[in-house]
Every structure is written in C-alpha cells, then in structure tokens.
Amino acid sequence: MKRWILLAIGIACSGIAAFGAMRLATYSWNQVVGYRGPFADLDPERFTGARPPLDSPVPGANRPRTVVVLIDGLTDAASRTMPTLQRMRATGADVRLTAPEPSLSYPCWTTAFSGAPPQISGVTTNWYEERVKVETLFDVAHGSGRRLAVAGPDDLDVLFGVSQLTSATALVPWEEGEHRSGRIVDSAISFARRGADFLVVLLPDVDDAGHAAGAASERYRKTVARVDADLSRLVAALDDGKTVFAIFPDHGHLPDGGHGGWEEPVVRTFAVFSGPGVRHASADARLEDVAPTVAVLAGLQSPRLARGMAIETVLADGNGRARDADFVRACGFALAYAREVAGPQAVANLGSLKSRSDLERVMARADSTRLHADRRDRVPQALALGVVALGVLAVIGLASWRALVAAVSGVAVYNAAFLSLYFLVHGYRWSLSAFNEESQIQSFFNARMLEAIAAATVACVVSALVYAALRPRPKGPQDGHAAGWLALGAATVLAIQAVLGLQIAWFLWRWGASCVWRLPDLRWGFKYDVDLLQVTALAGAAIVGPAATYLVGRWHPRTRAARR
Ligand SMILES: [Zn+2]
C-alpha cells in the first residue's frame, strides 16, 4: 500500500513540477522578448545641463558629407576579402567591434544607429515592431538640418520612422530571392547627386546568403563579392576627398548560418572609417561606439542615450568641439544610468570624470551594486526551490536507500544521454544562434522535449538494473512488488527533475526570472530555458518511466531466478 501511495505522489509531483516549469519558461521568455527597460525616459540633462538643441551647430565643427553603410550579416573574415573595404582600411581606420547580445538584426541595427545597446533601447528581438524609443543618428541628422537620405529595407521606416525625417528614401521590402544591394546603391548615388549630405544605406543581401547557406558557403562568398562591387560603385561615385564613410555590419554569421548568440564569428565584427577627420589607425571598440563616432566625424551632437562613446583612436582631431560635446553628453548619460540602476548613492562623491574609463567605471560599479542587491533579494526564493529539490531526493532515500542509489544512477545516465545528443550529435551550444530562422524555434524546443523523454526512459531502465543488482534476491512485480517497481520509475524521473531544479534555482538566484533593468546573461539564460523545457517534458517520462522499470523487473534474470 505504501508503495502505491508513493507512486501516486511521485507522478503527481512530477506533473506539478512540469506545469510550474512550463509557466516559468513562458514567463521568462516573454520577459526577454517584452523587455523595454527603464532607460528610454532617462534624463541625462539633469546632470550636465541641457544638451544644446540639435539645431544649434557644434562650435567650430566641419560638417562633411557623411555616408553610413550597414552591411547586414557580414563577417569580419569575409570583409577582409572585399577589395573596396581593404582599400579603405589601408588609409582609414580599421576597428574591431563587439556586437551586443542578442546578436539579432533589429537589436544590432538599433545599437549601431543610436549607440544604445538592447539594455538601453529595449529592442531585444526582431519581433520589435514599433518606433524605437531612443534617439538615433536619423533623428540627430534631421534635427541638425542635414539633408538626410536613406536607402535600404522598409523595416528602417517601422523602427526609425525614416520617411518622416528624410528628404529622400528608397525603401525596399525585406524579401528573399533577389539581389537588392545594386538597386539600393543606385538610389543612394542619385540622392547624393540631388544634394543629400547624410546618407544611410543598409545592404541586406549578405545576411540572406548567410541564412540560406552559411558564411562558409560558395553562395555567401559570391554574394559578398557582388556586394563589394556595389559598394565600390557607391564609394567611387561619392568619394570626393571631402566625404566621411563609416561601413560596418550589425553582426556576423556562423559558418553554417545563423546568429543571435555569442559565437566569435557572430559577435566579433568590424567597422571601417575613412575620409576627413579619420586617423589611419586600428582600434577595439563596441558596436554602440559607432553612432557617437559617426556623429563626431559628421560634426553633429551624438544621440542622447548612446551608452557608447566616440572612438578616440580613430579621430584625427576633435572636429571643432564635437568630441568634447560627445564626452559631456556621455558623462550625463553615465551619471543618469548609474543613478537609475543603483540609486542616488551611486553618483555621490564621484570626484572628477576625465576619461572614458572613468565613465565605464561609474557604470560598472552601479551594475555590480544593483546585481549584488538583486541577488541578495533572490536568495530566499532560490533557496526554497533548492530545498524542495533536495527534499525530493531525501524522501526517495528515506523510502529506500537502494531506490535512491538507483535513481541517482538514472540521473547520471539521463544527463549523459541528453547532453551527448545536444552537444555531440546535434552540435548545439547554449546559444540563440541555434535557430537559423524564427520558424525553427518551435521545432527546436519540441525536439529537445522528445529527447528528454527518450533519455529519461533509458535512465529508468538503468535505474531498474542498478536496483536489481543491489538486492541479494530481488523479487519481481509479479510477486506482489508491482507498486515498488513502478514507483522506482517515478522516483527516477523525479530525481532527474530535482537535479534540473537545482540548476534552475542557481539561475534564478543569479539572474532572476524577470527582466527589470537588464537582460540575463543569455548563454546561461538559454541553458535555463532548455532546463525548464526538460522539466516540462519529463511529465511525459513520469508515465513512460514506471512502465520501463516495471518491465525490467518483470523480465530481469535475477527476479525470475528468485521466483524459481
Ligand atoms: Zn539575419
């Protein structure tokens, strides 16, 4: 009777854990996708005095014609095969950039054009389909009286409202299958001939080739060569020695296609700057530094909420007071950020702020203060989950130490099986780059859930074998021990869920389920999501697993020998 009750409780607990994990997975996913953050309304001007209005020119600054070209999905390695870019690197600035995570197009476009990474802009996925809340180079150029022209995919209008800001736009729909960069470049050249002096061009074809065939493919190589020819026409038509060029991708691509995660070829990208005011130099920077750098070179104010700053090493001069203006703005941002994140204490007794690294230090200290406080607040919740998970193992051990040893062996087998499939067979990482297309997300998660059930079934078979080996004369289910053998399966599945629960508790302590002022570390966040999916799927294993342990008990040579 006791075994039947334990069996029923085991299956019920497994179901409750699965339901909770499913709810938590949905909640956490939506928190990242729906994150908007508290920064869009930040008021840097409280700290530094009002930034001069955009229509008052930066004192002493030249305002050269400026051409910004974003080549979507171009890897750093591929960019070094492009003769046009290599020629510009030979005289201009060659910058190694790091893109933010998630390394998806909309978050990275927004970072590049505003200097505000996803944490600040609130643009965390390509499902963001409204006007971006932070100021961008488009707003700055328009507000400063420049003749802005934009050529690229029509998403630029949805996100940045460019058609209301420009004197001319050529927006093409984002559809695969035809090469669009040639047409986009033609439009840009004609806008320049008609007097546009701040051009933004976005070339989408390389990203399409990356998704279709991967960055290591012949198709990608050919597309890169074709885009280089388009770019070469653009540069030849506009380079009059008085034009500034800034050319960079949003993110790279994996050799077999995909981006979104943290992999080197995806997040280690580049920017090339050339023209008046650019020093022949190389530097390391972040994608969020591009917009302020372009602003200084163009003799404009930087976008207000840029977390990045103009890259000093690539600036031949300050372009009048433009570099100073960017530093003053960046001070205001850093102080407002620190105050928002960690409260007024974070900006008390700071001393003087002289350099970029001073500002970085102020923001990093605010981050760590807040994270520390958040983690302290989350200890009880994480501890409670951890205690429940360990309690499950303790109850199994109290019912039967042999069952606990068997179940723990099952946990080891489960993890070996599931993780071998995940890392070795499929070659996945804990990374958003696992989905080359959004349409693959559902099937990815479904397949992991099926594999969790399969791995748990194998784990239950092993658990039953271990149990049989531990008993001197094991009795089979047909000798009145049916409930015990069934309960062993339920206990094994529950033990697997409990060990996953401990890992989930660790993540909840470290990053929490909700996103209030920052995104979690997305590598661990991805693991956390996969862990929750496994706990969810294992409710299915709580039905299949007991059947497996029962059958092993029924047909095991030692239980049959014991019968005779
Ligand atoms: Zn893409």
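The values are calculated or read from the model by the stated rules, or taken from the named source; none is laboratory data. Quick caveat, the model's predicted, so the values are computed rather than measured. Note that each Cβ is placed from the backbone with ideal geometry, even for glycine, and that neighbours are counted across all protein chains shown. These area figures cover heavy atoms from the full protein model, side chains too; ligands, DNA and RNA do not enter into them. Shrake-Rupley method; radii C 1.70, N 1.55, O 1.52, S 1.80 Å.
The table below lists the values:
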{"quantity": "Criterion (open to solvent by 10 Å² or more (accessible area, probe 1.4 Å), modelled with pLDDT of 95 or more and touching a Phe, Trp or Tyr at 6+ places or on another chain (Cβ under 8 Å)) met by exactly one of D239, D284", "calculated": "D239"}
{"quantity": "One residue from R147, R194, R180 being of a type in the set (K, R) and within 16 Å of the ligand (Cβ to nearest atom)", "calculated": "R180"}
{"quantity": "Verdict on L287 being under 26 Å from F138 (Cα atoms), touching a helix residue (DSSP H, G or I) at 6+ places or on another chain (Cβ under 8 Å) and within 16 Å of the ligand (Cβ to nearest atom)", "calculated": "yes"}
{"quantity": "W524 open to solvent by 10 Å² or more (accessible area, probe 1.4 Å), over 25 Å from M1 (Cβ atoms) and without any contact (Cβ under 8 Å) to a residue 24 or more places away in the chain", "calculated": "no"}
{"quantity": "Lone unmet requirement of (1) at pLDDT 95 or above; (2) away from the ligand (no atom under 16 Å from the Cβ) for G214", "calculated": "(2)"}
{"quantity": "Every pair of residues 6+ apart whose Cβ atoms lie under 6 Å, when the first sits in segment 71-93 and is within 17 Å of A213 (Cα to Cα) while the second is aliphatic (A, V, I, L, M) and open to solvent by 10 Å² or more (accessible area, probe 1.4 Å)", "calculated": "T75/A215"}
{"quantity": "Any pair with Cβ under 6 angstrom, 6 or more apart, that starts in segment 202-228 at a residue that is in the same structural domain as P173 (by TED's automatic domain parsing) and ends at one that is charged (D, E, K, R) and within 13 Å of the ligand (Cβ to nearest atom)", "calculated": "P204/D72; D207/D72; D208/E176; T223/D205; V227/D205"}
{"quantity": "2 or more residues in contact with a Ser or Thr (Cβ under 8 Å, 6 or more places away or on another chain) and β-branched (V, I, T): qualifying helices (runs of 4 or more DSSP H) within segment 447-564", "calculated": "482-510, 522-555"}
{"quantity": "Count of residues meeting criterion [under 20 Å from D208 (Cβ atoms) and either in contact (Cβ under 8 Å) with a residue 40 or more places away in the chain or out of contact with any Asp or Glu (no Cβ under 8 Å at 6 or more places or on another chain) (or both)] in segment 130-162", "calculated": "9"}
{"quantity": "Any hit, segment 197-209, residues being away from the ligand (no atom under 16 Å from the Cβ) and surrounded by fewer than 24 Cβ atoms within 10 Å (Cβ to Cβ)", "calculated": "yes"}
{"quantity": "Count of residues meeting criterion [more than 12 Å from L70 (Cβ to Cβ), crowded, with 21+ Cβ neighbours inside 10 Å, touching a Pro at 6+ places or on another chain (Cβ under 9 Å) and of a type outside the set (D, E, K, R)] in segment 139-160", "calculated": "2"}
{"quantity": "Matching entry among D154, D139, D94 (being in contact with a Ser or Thr (Cβ under 8 Å, 6 or more places away or on another chain) and acidic (D, E))", "calculated": "D94"}
{"quantity": "Whichever residue in segment 77-108 is under 20 Å from the mean Cα position of the chain (by Cα) and away from the ligand (no atom under 16 Å from the Cβ) and, among such residues, is surrounded by the most Cβ atoms within 10 Å (Cβ to Cβ)", "calculated": "L97"}
{"quantity": "Segment 287-300: number of residues that are assigned to a loop (DSSP other than H, G, I, E, B) and open to solvent by 10 Å² or more (accessible area, probe 1.4 Å)", "calculated": "0"}
{"quantity": "Flag if G37 is crowded, with 21+ Cβ neighbours inside 10 Å and among the small types (G, A, S)", "calculated": "yes"}
{"quantity": "Every residue from segment 1-19 that is in contact (Cβ under 8 Å) with a residue 60 or more places away in the chain and open to solvent by less than 80 Å² (accessible area, probe 1.4 Å)", "calculated": "L6, L7, G10, I11, C13, S14, G15, A17, A18"}
{"quantity": "Those residues of segment 306-358 which are open to solvent by less than 40 Å² (accessible area, probe 1.4 Å), touching a Ser or Thr at 6+ places or on another chain (Cβ under 7 Å) and of a type in the set (A, V, I, L, M, F, W, C), in sequence order", "calculated": "A306, A310, I311, V314, C331, A342, A346"}
{"quantity": "Top-ranked residue in segment 58-73 [being charged (D, E, K, R) and open to solvent by 10 Å² or more (accessible area, probe 1.4 Å); ranked as nearest to the ligand (Cβ to nearest atom)]", "calculated": "R65"}
{"quantity": "Long-range neighbours under 8 Å by Cβ, at least six apart or interchain, first residue free of Cβ contacts under 8 Å to residues at least 40 places away in the same chain and outside any loop (DSSP other than H, G, I, E, B) within segment 241-256, second hydrophobic (A, V, I, L, M, F, W, C) and within 15 Å of the ligand (Cβ to nearest atom)", "calculated": "none"}
{"quantity": "Any hit, segment 267-281, residues being aromatic (F, W, Y), in contact (Cβ under 8 Å) with a residue 24 or more places away in the chain and touching a strand residue (DSSP E or B) at 6+ places or on another chain (Cβ under 9 Å)", "calculated": "yes"}
{"quantity": "Test: A271 is within 16 Å of the ligand (Cβ to nearest atom) and either among the polar types (S, T, N, Q) or surrounded by 20 or more Cβ atoms within 10 Å (Cβ to Cβ) (or both)", "calculated": "no"}
{"quantity": "Residues of segment 217-236 classified as surrounded by fewer than 18 Cβ atoms within 10 Å (Cβ to Cβ) and more than 16 Å from the ligand (Cβ to nearest atom), total", "calculated": "9"}
{"quantity": "One residue from V266, V278 being surrounded by 19 or more Cβ atoms within 10 Å (Cβ to Cβ), within 22 Å of A61 (Cβ to Cβ) and either within 16 Å of the ligand (Cβ to nearest atom) or of a type in the set (V, I, T) (or both)", "calculated": "V278"}
{"quantity": "Condition check for P44: over 17 Å from L508 (Cα atoms), modelled with pLDDT under 95, over 32 Å from the mean Cα position of the chain (by Cα) and not hydrophobic (A, V, I, L, M, F, W, C)", "calculated": "no"}
{"quantity": "Residue in segment 39-56 that is under 30 Å from R221 (Cβ atoms) and either within 16 Å of the ligand (Cβ to nearest atom) or free of Cβ contacts under 8 Å to residues at least 60 places away in the same chain (or both) present", "calculated": "no"}
